[in-house]
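What follows is a short report on a single structure.
The values are calculated or read from the model by the stated rules, or taken from the named source; none is laboratory data. Keep in mind that this is a model prediction, so the values were computed, not measured. Using ideal geometry, Cβ is built from the backbone for each residue, glycine included, and neighbour counts are taken over all protein chains shown. The protein model used for the area step is the full one, side chains on, heavy atoms only, and it has no ligands, DNA or RNA in it. Shrake-Rupley method; radii C 1.70, N 1.55, O 1.52, S 1.80 Å.
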Amino acid sequence: MAGQQDKAALISETRRRFESDYLPDKSDKYDSRDVERLRQDNNWVENYLLWRHDVVDDTLKMIDESFQWRKEYMVNDLSESILPKWLFENGALYLHGYDKEGYKLFWFRVKFHTKDPKQQFEKKKFVAFWLEHYSRREHGKPLTVVFDMAETGVSHIDLDFIRFIINCFKIYYPNYLSKIVIFEMPWIMNAAFKIVKGWLGPDAIGMLKLTNKNDVQEYISAEYLPAYMGGTDTFKYSYPPLVDDDFQTPLCENGPITSEDEVESKEEIEADKEAGESSEEQILNPKKVCSVEQISKVEENDKTDSKTKNSKKTLTVFKGLLLHISPSEELYFGSKETGEKKCLIVLTNVTKNVVAFKVRTTAPDKYRVKPSNSSCEPGTSIDIVVSLHGGFAASLQDRFLIMAAEMDQSSGAGAPELAQFWKEVPRSKVMEHRLRCHVVESSKPSTLTLKENSFNIPTKNNEDLHLRLTQLLQVNKRLQEQIDCCVWFQQLIAVLALFLVAIAAFCFYLLYTQRC
């Protein structure tokens, strides 16, 4: 609690001093939208503070430099229509896939980049476009930069451009860098690499990871690596459209959805009941709608259920223009060992019109989503059940995309009408919100029974035994290290003794020869 109060005080002081020490003299050098965002967005201010170790003076200097850069590059106005089309078609920069920690990968295919002073400013704006696009979408979650230097030569080396990318993370997008993975850096870059390390500074040196085909999978799994890196990813960059997260239509409860239109049958409900899921009947009914007056009660029940089933913190709400979405950022699943395989997403329509929605995921084979494509009446809520299928386990790389758009009252909300609606609705009218998965490694399944426990021992005793076994293993390891050390020391003493005997023998030999 004290830490939160200290952080709030630092944020408040940073805002106050920015308003008094910087804004009066430099307001013309800042974009008013950035100034307003600084006043409203606590996370943004906190990221600057974290990157400057909570030193307010350093934080203010960083904000000042960042804001001036943002206005110079017109960051708030960057879009696909403003930037040259050839930048997107080139394929040198794009977002695709995730590393093993669940961070988005920002690819820089160096072999597609050529140094050209005339194009440099546009290329830098292209970098800013991607980073701003990501930061607005992911709300502060770091990403991993991949410098793919396979098949590169002298003509591709552009230290000015590399320095710009590094400065983006050092100054303009604070606390957004997870690591920099450099793949197959050519020997000719060794001298330049020392310069790059100097630009990064001591705090970021540890983020550099030099890799080749043999060890790149320490950081990125094969599913997100192309074949020439030793991976299995068949992704090939192309434009248009803008490369996104490769979201696809998920599976429904009873198998693949042949179209994006999901029609619920009575047989599905009966099957759910026969499977002994009557306690979840209200959750699994995709047509369940509650009035605005009941929303608070539903949220209370969800919060209580989340404590017992998913070991979650209190649910948060993303407040969009069309829908309020709970939880706001993460779906909590258990690991294979800990067990929780279902999560609930609650959508609340805050408009005066019917809102159509659909749910997509980056891992369609792993998840069942019910309903995945439907509509929500004005002022009502709908529960969406996301469940893992078969023996699959959730991973940090998995993402969900919720898309929503307002429908005309006369459109109708049946399956054919929804299919036609999504074909015709303009992209600018669609609200999008992304959720990522969080895997709870340490929690225990709350529904564990004696029948599930082959030893018929209470869960608490199992935990104690596990803890004691771990402690014994640690003690055993330390003893083994001490024994190894003693053996080594004894061997050293034996060698020294032999050495002394040899010296003594040599001395006796010298004395004997002198007497003779």
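Structure summary
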quantity	calculated
Amide N of the stretch 347-373 lying under 16 Å from the label point, which is placed 7 angstrom from the Cα of Val317 along Cα→Cβ	347-352
In order through the stretch 147-164: 3J(HN,Hα) via Karplus (6.51 cos²θ - 1.76 cosθ + 1.60), integer Hz, x for Gly, Pro	8, 8, 9, 5, 6, 9, x, 4, 5, 8, 6, 9, 5, 4, 5, 4, 5, 4
Members of Lys100/Lys194; Lys179/Lys319; Lys100/Lys213; Lys71/Lys124; Lys85/Lys209 lying beyond 21 Å, as alpha-carbon distances in this model show	Lys100/Lys194; Lys179/Lys319; Lys85/Lys209
Amide H within-cut-off set for Glu80, under 5 Å, with H built and near neighbours excluded	none
Distance (nanometres) between label positions extended 7 Å along Cα→Cβ at Ala191 and Lys100	3.5
Label-point gap, in nm, between Phe164 and Glu13 - each point 7 angstrom along Cα→Cβ	3.7
Efficiency of FRET between Asp21 and Gln120 - r from beta-carbon atoms, R0 51 angstrom, step 0.05	0.95
The stretch 143-215 - charge dipole about Cα centre, Lys and Arg +1 at Cβ, Asp and Glu -1, debye rounded to 20	240
Area of Glu377 that stays accessible when all protein chains are in place (1.4 Å probe, Å², to 10)	90
Share of Cα-Cα pairs in the stretch 369-418 lying beyond 16 Å, as whole percent	55
FRET E, pair Tyr237, Asn212, Förster distance 25 Å, beta-carbon r, rounded to 0.05	0.70
Inter-label distance for Asp6 and Ala505, nm, one decimal - labels placed 7 Å from Cα along Cα-to-Cβ	6.6
Long-range HN-HN contacts of Arg399 with modeled amide H, under 5 Å	Thr362, Ala363
Amide hydrogen neighbours beyond the local backbone of Leu143, cut-off 5 Å, H modeled	Leu177, Ser178
Gain upon complete extension [Phe112, Lys29; 0.36 nm per residue less C-alpha separation]	26.4 nm
Cβ-Cβ FRET estimate between Trp86 and Tyr134, R0 fixed at 25 Å, reported to 0.05	0.70
Carbon + sulfur, % of accessible area of the stretch 1-143 - ligands and nucleic acids excluded, 1.4 Å	48
Spatial extent of the stretch 134-235: Rg and Dmax, with the Cα atoms as the point set, Å	14.2, 38
